């Protein structure tokens, strides 16, 4: 009988990184059925911290004495995207001031992407209050579709928006002051021994994503 193993993942890892693991798990761990819980980074972190799940993959590193973080994917690029024909689309060298007052489609509270862009904007001298937040959406594909439909600008993983960018459904804004990247981490509960299945999955994750 096949055993079920639960893996927690935030949106980008769940949609774009975990699928890379599936073929390896199917081939090398044929007795396991992988169940992926896709939640925001904070919820995955809390689930691992409480011991509800043994392994998570998220895009935010929280200060915690209870959880171990190991970077498995480095320098995922975050980009500002806009609808085609937007006033900032095609502008060379847009500035932080050009973003003020722009309609903005944000991620939900707890999202790793949101934590990353809020910090980057703050470091560049722009408060979220300077943007006109028109909506918060909990998944990246929904944000890309909202931007494509003209709802406003947003910040997403370049990996997640790749198809829309290549098909010219959205455009990437050129903002030299903003260079946004983040890492993805595999997390486990510090000091808690892993089950045999969790240990096998963790080894495969590190081997596949290194």
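Bear in mind that the values in this text are calculations on the coordinates, not laboratory data. Quantities reported herein were computed from a predicted structural model and do not represent experimental measurements. A quick note on method: Cβ atoms are made from the backbone with ideal geometry, for glycine too, and the neighbour counts reach across all protein chains shown.
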Computed over the chain: longest principal axis from alpha-carbon atoms vs helix 112-123 long axis, angle to nearest 10 degrees, is 40
Once both label points are put 7 Å beyond Cα along the C-beta direction, the residue 75-residue 37 separation in nm becomes 3.4
Computed from the beta carbon distance with a Förster radius of 25 Å, FRET efficiency for residue 128 and residue 179 to the nearest 0.05 stands at 0.85
Computed over the chain: longest principal axis from alpha-carbon atoms vs helix 18-28 long axis, angle to nearest 10 degrees, is 20
Per the rule of 0.36 nm per residue minus the C-alpha distance, extending residue 100 to residue 68 adds in nm 7.7 nm
If one compares the long axis through the Cα atoms of helix 41-50 with the longest principal axis of the Cα atoms of the chain, the angle in degrees, nearest 10, works out at 20
Assertion target for 27, 6, 189, 107, ordered by fewest C-beta neighbours within 10 angstrom first, is 27, 6, 189, 107
Per the Kirkwood formula over distinct C-alpha pairs, the hydrodynamic radius of the chain in angstrom is 18.1
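Would you please give the FRET efficiency between residue 50 and residue 91, computed as 1/(1 + (r/R0)^6) with r the Cβ-Cβ distance and R0 = 30 Å, to the nearest 0.05?
For R0 = 30 Å, the calculated efficiency reads 0.05.
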The simple spin-label model distance between residue 166 and residue 1, using points 7 Å out along Cα→Cβ, in nm, is 4.3
At the level of C-alpha centres, the distance separating region 162-200 and region 50-112, in angstrom, is 9
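Only Cα pairs under 8 Å and at least 6 apart count here; give the relative contact order of region 75-182 as a rounded whole percent. Working shown, then result.
Values: 202 pairs, mean separation 53.7, N = 108.
Over region 75-182, the number comes to 50 percent.
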The percentage of Cα-Cα pairs in region 75-182 separated by more than 20 Å is 29
Taking 0.36 nm per residue of separation between residue 158 and residue 22 and subtracting their Cα-Cα distance, the length gained on full extension comes to 46.7 nm
Rounded to the nearest 500, the 222 nm mean residue ellipticity computed for the chain from DSSP H runs (n ≥ 4, each -39500 (n - 2.57)) alone is -9500 deg cm²/dmol
With the 8 Å Cα cutoff and a minimum separation of six or more residues, the chain has a relative contact order in percent of 32
